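Engineer: Shown below is the structure under consideration.
The values are calculated or read from the model by the stated rules, or taken from the named source; none is laboratory data. None of these values were measured; they are calculated from a predicted model. All Cβ positions, even for glycine, are placed from backbone atoms using ideal geometry, and neighbour counts span all protein chains on display.
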Amino acid sequence: MKMNQNRVTNLKCISLMALLFLTACKGESDQGMVVEEFIPVYIAPLDKTKEKTVIEATGMFSTDNETLLSFKNGGIIERIYVKEGDFVKKGQMLASLNRTEINAKAEQLKAALAKAERDYQRAEQLYKDSVATLEQFQNAKTALDVVQQDWNTMAFNLHHSQIHANNDGYVLLKLANEGQIIGPGMPVFQVNGTGKGDWLVKVGVSDSQWASIQLGDSVSISTDAFLEKLAGEVVRKSEGIDPNSLTFTVHVKPNDTKDVPLATGMFARVKIYGETDELWAVPYGAFLDGNRGKGYLFVTNDKETASKLEVTVAGIQKEHVLISAGLENHEFIIVSGSPYLEEGAKIKVIDKVK
């Protein structure tokens, strides 16, 4: 009988010790003892480190001198002299408009120019003979100048009723056909140059990624067409969003493409490496509810109370999430036990993660 009583007493002691580990005495009332639960957690100190951000994006190869060629004035396309994929030389004629209408206007201007020259010569002679006034002579000169400028405009339009190649290169796209009526400035060809050093990769990134990318950041470029990875750098950032993709465009230039088989439109995977002193490296287990560059973490300063914070994500690495803002003036991050916490929850620090 005494052994059974000792066993009961021991069980009561063990239960009381477990209760004391997970709870603390808050006070007493008429109904008895009131206890408050503590949630066991692991914590780690918050220190800024010099981390490299890695932004992964995809894009396509193109060239820096890729151009859309068009007619200055609208009309009916009479001839197209090249096909997609053709190599063209600088100055080569690629297409021409039917010039019946513009030639008729040119003949009218020729006649008007000839008359203005005769009128000017007559007024000049009469002015020298004191028959015409200075005003009449000046008016004749002005009329001649006006017609001359009209003729210069017409000559310019006559020249641009044909499309010529602006560089040695290739026809990437043919966007119109013979007999088609086309408006001023509407693209007819897309061409690029043949320079080996002109290749670019255009990638689309989010607004937060765009803000963290700097000109000169190093990059690594890979594609399924070849195994070799190309090193390069960021050379240009767009100042506005692309309305079609709703992303910002970043231009990446490979350093050396001399012996690499590239083609316009080839798919590429790009890693952009940035470096900063203003980041916290946070374990994945501590990160909650990430969405569009934002997320939540639990922190503590007194090791007794948990606080929930919204933070800004600068990048994602293999083992850490990089945080750029939101952890200022805080000492410890809760890296385990976060799913069971809420704002103001009481915690029990089990150990510190090394």
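Engineer: Among the residues of region 221-235, count how many are touching a residue at least 40 places away in the same chain (Cβ under 8 Å), assigned to a strand (DSSP E or B) and either within 23 Å of GLN190 (Cβ to Cβ) or touching a Phe, Trp or Tyr at 6+ places or on another chain (Cβ under 7 Å) (or both). Steps first, please.
Structural biologist: Of all residues in region 221-235, those touching a residue at least 40 places away in the same chain (Cβ under 8 Å) come to 221-225.
Imposing the further condition that a residue be assigned to a strand (DSSP E or B) reduces the set to 221-223.
Filter once more, so that each one left must be either within 23 Å of GLN190 (Cβ to Cβ) or touching a Phe, Trp or Tyr at 6+ places or on another chain (Cβ under 7 Å) (or both): 221, 223.
Number of matching residues: 2.
Engineer: Check off (1) farther than 17 Å from ILE272 by Cβ; (2) surrounded by 12 or more Cβ atoms within 10 Å (Cβ to Cβ); (3) not aromatic (Phe, Trp, Tyr) for VAL252 and give me the number that stays unchecked.
Structural biologist: VAL252 satisfies every listed condition except (1).
Engineer: If you check PHE71, PHE61, which single one turns out to be of a type in the set (Phe, Trp, Tyr) and modelled with pLDDT of 90 or more?
Structural biologist: Working: PHE61 fails: modelled with pLDDT of 90 or more.
It is PHE71.
Engineer: Pull out all pairs, ordered by first then second residue, where Cβ-Cβ is under 6 Å, the residues are six or more apart or on different chains, the first lies in region 308-332 and is buried (at least 18 other Cβ atoms within 10 Å of the Cβ), and the second is among the acidic types (Asp, Glu) and part of a strand (DSSP E or B).
Structural biologist: Matching pairs, first to second residue: LEU322/GLU51.
Engineer: Tell me which residues, restricted to region 117-169, are assigned to a loop (DSSP other than H, G, I, E, B), over 30 Å from GLY193 (Cα atoms) and either touching a His at 6+ places or on another chain (Cβ under 8 Å) or not polar (S, T, N, Q) (or both).
Structural biologist: If we filter region 117-169 for residues that are assigned to a loop (DSSP other than H, G, I, E, B), which is where we start, we get 129-133, 160-161, 165-168.
With the extra rule that they be over 30 Å from GLY193 (Cα atoms), the set shrinks to 129-133.
Across region 117-169, the qualifying residues are ASP129, VAL131, ALA132.
Engineer: Could you tell me whether any residue of region 65-77 is part of a helix (DSSP H, G or I) and touching a Leu at 6+ places or on another chain (Cβ under 7 Å)? I'd like the intermediate steps shown before the answer.
Structural biologist: Taking region 65-77 and keeping what is part of a helix (DSSP H, G or I), we get none.
No, region 65-77 has no match at all.
Engineer: When ALA225 is evaluated against the numbered criteria (1) modelled with pLDDT of 90 or more; (2) outside the structural domain of SER96 (by TED's automatic domain parsing); (3) of a type outside the set (Ser, Thr, Tyr), which criterion, by number, is the only one it fails?
Structural biologist: Single failed check for ALA225: (1).
Engineer: Any chance you could count how many residues in region 291-307 are touching an Asp or Glu at 6+ places or on another chain (Cβ under 7 Å) and in contact (Cβ under 8 Å) with a residue 24 or more places away in the chain?
Structural biologist: We begin by selecting, within region 291-307, every residue touching an Asp or Glu at 6+ places or on another chain (Cβ under 7 Å); these are 294-296, 301, 307.
Filter once more, keeping what is in contact (Cβ under 8 Å) with a residue 24 or more places away in the chain: 295, 301, 307.
Qualifying residue count, region 291-307: 3.
Residues checked against (1) on the phi > 0 side of the Ramachandran plot; (2) surrounded by fewer than 16 Cβ atoms within 10 Å (Cβ to Cβ); (3) in contact with a Pro (Cβ under 6 Å, 6 or more places away or on another chain); (4) of a type outside the set (A, V, I, L, M, F, W, C):
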position	(1), (2), (3), (4)
ALA57	no, no, no, no
ARG79	no, yes, no, yes
LEU94	no, no, no, no
GLU117	no, yes, no, yes
TYR120	no, no, no, yes
VAL131	no, yes, no, no
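Engineer: Okay, next question. Would you say PHE189 is closer than 30 Å to GLY85 by Cβ and either more than 35 Å from the chain's Cα centre (by Cα) or surrounded by 17 or more Cβ atoms within 10 Å (Cβ to Cβ) (or both)? Before you say what the answer is, go through the steps one by one.
Structural biologist: Numbers: closer than 30 Å to GLY85 by Cβ: yes; either more than 35 Å from the chain's Cα centre (by Cα) or surrounded by 17 or more Cβ atoms within 10 Å (Cβ to Cβ) (or both): yes.
Yes; evaluated as a whole, the condition is true for this residue.
Engineer: Name, by its number, the condition in (1) in contact with a Leu (Cβ under 8 Å, 6 or more places away or on another chain); (2) exposed (fewer than 15 other Cβ atoms within 10 Å of the Cβ); (3) of a type outside the set (A, V, I, L, M, F, W, C) that does not hold for GLN125.
Structural biologist: Failing condition for GLN125: (1).
Engineer: Step by step: first the residues of region 236-278, then only those that are assigned to a loop (DSSP other than H, G, I, E, B) and among the acidic types (Asp, Glu), then the one that is nearest to the chain's Cα centre (by Cα). Which residue is that?
Structural biologist: Within region 236-278, the subset assigned to a loop (DSSP other than H, G, I, E, B) is 242-247, 255-266.
Next, only the ones that are among the acidic types (Asp, Glu) stay: 242, 256, 259.
On the way: ASP242: 8, ASP256: 23, ASP259: 28 Å.
If we take residues in region 236-278 being assigned to a loop (DSSP other than H, G, I, E, B) and among the acidic types (Asp, Glu), then ASP242 is nearest to the chain's Cα centre (by Cα).
Engineer: Being among the charged types (D, E, K, R), assigned by TED's automatic domain parsing to the domain that holds LYS271 and closer than 18 Å to MET60 by Cα is the requirement here; does GLU233 meet it? Even if it seems obvious, please write down each step before you answer.
Structural biologist: Values: among the charged types (D, E, K, R): yes; assigned by TED's automatic domain parsing to the domain that holds LYS271: yes; closer than 18 Å to MET60 by Cα: yes.
Yes.
Engineer: Mind listing whichever residues of region 240-266 are free of Cβ contacts under 8 Å to residues at least 40 places away in the same chain and among the aliphatic types (A, V, I, L, M)? Write out each step before concluding.
Structural biologist: As a first pass, look at region 240-266 and keep what is free of Cβ contacts under 8 Å to residues at least 40 places away in the same chain: 240-244, 246, 255-256, 259-261.
The answer is ILE241, LEU246, VAL260.
Engineer: A further question follows. Has region 15-31 got at least one residue that is exposed (fewer than 12 other Cβ atoms within 10 Å of the Cβ) and modelled with pLDDT of 90 or more? Can you show your working first?
Structural biologist: If we filter region 15-31 for residues that are exposed (fewer than 12 other Cβ atoms within 10 Å of the Cβ), which is where we start, we get 15-21, 25-31.
Filter once more, keeping what is modelled with pLDDT of 90 or more: none.
No, there is no match, as no residue in region 15-31 is exposed (fewer than 12 other Cβ atoms within 10 Å of the Cβ) and modelled with pLDDT of 90 or more.
Condition check ((1) among the basic types (Lys, Arg); (2) free of Cβ contacts under 8 Å to residues at least 40 places away in the same chain; (3) in the same structural domain as LYS83 (by TED's automatic domain parsing)) across all residues:
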| site | (1), (2), (3) |
| --- | --- |
| ASN157 | no, no, yes |
| ALA165 | no, no, yes |
| GLY169 | no, no, yes |
| LYS174 | yes, no, yes |
| ASN177 | no, no, yes |
| PRO187 | no, no, yes |
| LYS202 | yes, no, no |
| TRP210 | no, no, no |
